[in-house]
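What follows is a single structure, written as structure tokens, with notes after it.
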Amino acid sequence: MKLPWTAARAAALPEAARAAMGADRPLGWARDLRSGATVVAGTAQVYAVGPAGEVLLARPWHLVDGGSWDRDAATLTVTWVDKEAPARWRFDLDSGFPEVFRARVQASVVLVEPVELPAGTARVVVRKDLADQRLLTQAILGPGVRAADPTVRQALDAALARVREQVGLD
């Protein structure tokens, strides 16, 4: 799907951000109004490049757990499956970046299965590494759920086996 603003955004991408992406192709970008960083949605990763050209963030899409757009604050908050500190970027309301961000995250999701546990919930997910199209599985624990709990581990192992079988990852 070609969004009308992506080509213009990619064409106007600052050279330092383009250089930080290597062979990855930009799909859209926006300037973080707080830090001045250029935030880029590439085909394989999301990037934040500082005003001096320093790479502040370069992470593959399959590591994004979620993103929430607060229109009133014009802020995109990104959480990560590995529990790294959330990224928060503030954009102009007309930037279009949240839409391309959402599309890239969705492109990486193949299958999601919620798992009900005695101590809470979890999700097992099959994701696609958009750099090489390889399928990966993830177990994402909800608040208060401990991976060391044998009951949790058993339920997650069973759920991971089910989703792996469904996509042919045996």
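Bear in mind that the values in this text are calculations on the coordinates, not laboratory data. As the structure is a computational prediction, the values presented were derived from the model and not from experiment. All Cβ positions, even for glycine, are placed from backbone atoms using ideal geometry, and neighbour counts span all protein chains on display.
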**OP:** Using the 2.2 N^0.38 Å rule of thumb for compact globular proteins, work out how the chain stacks up: its C-alpha Rg over that value, please.
**Re:** 1.13
Original post:
If you average 1/r over all unlike Cα pairs in region 114-170 and invert the result, what Kirkwood radius do you get in angstrom?
Top reply: 11.9 Å
Subject >> 222 nm mean residue ellipticity, helices alone, for the chain (DSSP H n ≥ 4; -39,500 (n - 2.57); rounded to 500) >> reply: -7500 deg cm²/dmol
Original post:
Using a simple spin-label model with points 7 Å from Cα along the Cα→Cβ vector, what separation in nm is obtained for Ala16 and Glu165?
Top reply: 5.3 nm
Subject >> Listed residues Leu156, Val100, Gly120: farthest to the positive end of the dipole of the chain (Cβ charges) >> reply: Val100
**OP:** Sort out for me the Cα centre separation of region 70-103 from region 123-139, rounded to whole Å.
**Re:** 21 Å
